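The block underneath contains the structure these notes are about, expressed in structure tokens.
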Amino acid sequence: MEGCATDLYRHPQLDMDIDSVKAIYADTAVSVREHGSIDDVDVDMLINVSFLDDEVARAWKIVPTEPIIVRLRFSLSQYLNGPAPSVEVFQPSNREGFSLGLQLQNSNQPSSVSTLFSSCFGFYPSHVTSRPVFSPQRVAVSAVKSPAHITTKQLVELLFSSQAFIQCKSAPTLQHGFLVQVMKYAEQRIPTLNEYCVVCDERHTFQYASMLKPAVCSRELCVLSFYALGVMAGAAEEVSNGAEVVDLLVAMCRAALESSRKSIIFEPYPSVVDPFNPKSLAFSPKKKSYDRLQKALDSIMTIREMTQGPYSSIKKQMDTIDPLAHPLLQRITSSNRSHIVKLPLNRQLKFMHTPHQFLLTSSPPAEEARFRVARKVYGSTSAFHGSHIENWHSILRNGLVNASSTKLQLHGAAYGRGIYLSPVSSVSYGYSGMGKGQHHVTTKQELSKRYNRINTVQQERQGQSRFLQSRNLNCIALCEVITSKDLQKHGDTWVCPISDHVCTRFFFVYENGQVGDADINTQDIRIEQEIIRAIETKPI
């Protein structure tokens, strides 16, 4: 132990709880640092996050080979009988802007770690007649302390009635001591963070499915706090480093906004803070203004076409043309709840004959885990899903869902309710709108030459915007689907009624009316092998 304070009394229960952690987990699962002559002690709980899928870890900006550290600062002499400890959550090489840590330690919400720690500590419960009063201000800070007059021992019963424990699969108990309880709580809480707002930590009220990335909810106070905390500043990195993905997100937003069905499919309507009045919203779902939103979006597109310089230059020009353009761009990028990354050349599927290929994952940890269990039992295969580009603004935020017999349904449900898929590309191309209007149907030889030519040009013009050069985009997703008896096959048209049995894996975009190879069949052994190779390649 570092900096041992030999002249201060050390509470014996602290050592007992530390020994319990070491016995159940490992000696390396906890570390202790005393602060010289100060009656303080830091206890670091090392939470192993290697159970997270690599793509989930990347989407959450977590280093899967490093533990998440929950650092609690107690009174050395009083331990749990003293004031509630301060809390800090971080990774050793990932401390600055560790958003997942901020969500875990969010100070004032009933299911946050900080509130759990600051209001629910104790050896064994004593009778509690009232809850502590917390400030209504919603902020996330690096270390939080509860009111000094509240002792941890008084409030332990709140732990077992709190929303946080109700949400856990099984509530940890004090059988092995408080620190073991913290470990078990964190292990159960971390995989479900995507289900809760990053500010208020209340469960999302999305209409359809749980999505991969943690996000702010639609409550106005949360949106304002999210902006004030600077969390949206992360959009700067995405705009500067992932220009083509950002252009794609903007193109999807534009397609939904210009659709005759925008009142149905342009969801969620963006909540954007007024740059001149940070306490109010310039765009709000409660007062929709499609025309003003279109004006701001047009300004984004104009600047992205003109400017290929650094992010600061793009932002400056947007602010000059339309002060709402840059806040809208931030919202478009930060509200995307799917993990979408441009595929490098060595991982692209050449048979798709487009340079615009992306990894696309939207399944959260719990759903992905269920999918893998089902895959072991029933097996899986690949199939295409086609949907018009105007629908993807919503899909990336609400999930790929069973839209049959709902207001979202665009095509007829000839084979019943479910997600429509096909092993044959031409079938899904039809659902995406490809092949309608003026399209040049090319031969396979022409497709290959064009694919190679565009990739060569792109390598010479790194960072140049491409999507905004075309207002005629089509797209198609390649999914993995569970081959259980629930999967209904009607020739080349498949229907999966269980949303959890379909996971998106890849996404392909075609520009200027170009049409991909209509003869691709995912059941062809050569095609199947190339898909497996791309999936199993080391994550991007």
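The numbers here are math on the coordinates, done by the rules we state, and not lab data. In this text the structure is predicted, and so the values were computed from the model without any measurement. Counting neighbours? That spans all protein chains shown, and the Cβs are built from the backbone with ideal geometry, glycine included.
Before moving on, here are some points about what is shown:
- Modelled spin labels at Leu345 and Asp54, positioned 7 Å past Cα toward Cβ, are 2.2 nm from each other.
- Peptides 492-505, 12-25 ranked from most to least packed give 492-505, 12-25, packing being the mean of other C-beta atoms within 10 angstrom over each peptide's residues.
- Residue pairs, from the table Lys286/Lys316; Lys287/Lys342; Lys262/Lys315, whose Cα atoms sit over 31 Å apart: Lys287/Lys342
- Ser93 versus Glu220: modelled label distance in nm, points set 7 Å from Cα along the beta carbon direction: 4.5 nm
- Theoretical FRET efficiency, 1/(1+(r/R0)^6), r = Cβ-Cβ of Ile498 and Gln529, R0 25 Å, to 0.05: 0.40
- Gain on full stretching of the segment that runs from Lys489 to Ser263 - 0.36 nm per residue minus C-alpha separation: 78.1 nm
- Modelled label positions at Val63 and Lys295, each set 7 Å beyond Cα in the direction of Cβ, lie 4.7 nm from each other.
- Efficiency of FRET between Ser31 and Ser280 - r from beta-carbon atoms, R0 41 angstrom, step 0.05: 0.35
- Loop-located GluC sites (Glu not before Pro) in the range 30-97 (DSSP state other than H, G, I, E, B) with a sparse environment of at most 12 neighbouring Cβ atoms within 10 Å: Glu96.
- Computed from the C-beta positions of Ser313 and Asp44, the FRET efficiency with R₀ = 60 Å rounds to 0.90.
- The loop-placed trypsin sites (Lys or Arg not before Pro) in the range 258-366, going by DSSP, that have at most 11 neighbouring Cβ atoms within 10 Å of their Cβ come out as Lys286.
- For the range 1-82, the spread of Cα positions along the three principal axes, ordered from largest to smallest, is 49, 24, 22 Å.
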